[in-house]
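Values in this text are rule-based calculations from the coordinates and carry no lab data. Quick caveat: nothing in here was measured; it's all calculated off a predicted structure. All Cβ positions, glycine included, derive from the backbone under ideal geometry; neighbour counts span all protein chains shown.
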Amino acid sequence: MNLLITTWIKFSFLFAPFFVVSMFLSLTRNDSRAERRSIANRAVFAAFCICLLLFFFGTPMFEALGITLDSFRIGAGILLFLSGVSLVRDGVRSHAEVPNEQRDDVAVVPLALPTIVGPATIGTILVYGAELRGLELAWGIAGMMLALGCLLVFLHMASAMERLLGRTGLNILSKVTGLILAAMASQIVLTGIHGFIRSNSL
């Protein structure tokens, strides 16, 4: 149960919900309420399918490429740290822009990928998937699903959140999320460095 709660909290920040809400509002500015709900549902479902695939794909990929888990921890942690710094520095302003060309379906691209599941998120999920085994993997997936469920609620409430918090409020919360992501990234990198040094000293 502790792993479920811990994974839920980690993924809740990893998905950067306030950044996603801001992007969602920009991409669906001219859509009706029903269309927004449909886009939100499809985006979160697509993100879930991508994340589930990544959970089971990590270990075979590491074995095929000859990459150690500790090396990937360091790389993924650095990428996640840069993503967190980007949120702290720029907030949602430089990211939540509507593409110049009209998309056929914004739910999958760019909302699910790369907004919800970006490069840093992909790397972190691969690490978590390779770390967890057996029942722990089931709890990890359950925590991820719970975080995606909370994100879906946020997307359904996006208009109300915008009225309540405004763009400034969403920007501040996005920056706070970036700080927490940077701290998570530092822990992943330090764990990778510690494991790498220990494995090479044996």
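A compact table of results
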| read-out | value |
| --- | --- |
| Quotient of Cα Rg and 2.2 N^0.38 Å for the chain, N being how many residues it contains | 1.04 |
| Computed over region 2-201: relative contact order in percent, which uses C-alpha pairs under 8 Å that are six or more apart | 48 |
| Computed magnitude of the charge dipole of region 2-201 (debye, nearest 20; Cβ of K, R +1, Cβ of D, E -1) | 460 |
| Solution diffusion estimate, µm²/s, Stokes-Einstein, region 120-202, Kirkwood Rh from C-alpha pairs, 10 °C, viscosity 1.306 mPa s | 102 |
| Pairwise label distance in nanometres, GLN187 with GLU131, each label 7 Å out on the Cα-Cβ vector | 0.8 |
| Centre separation in Å (Cα based) which lies between region 2-20 and region 102-159 | 9 |
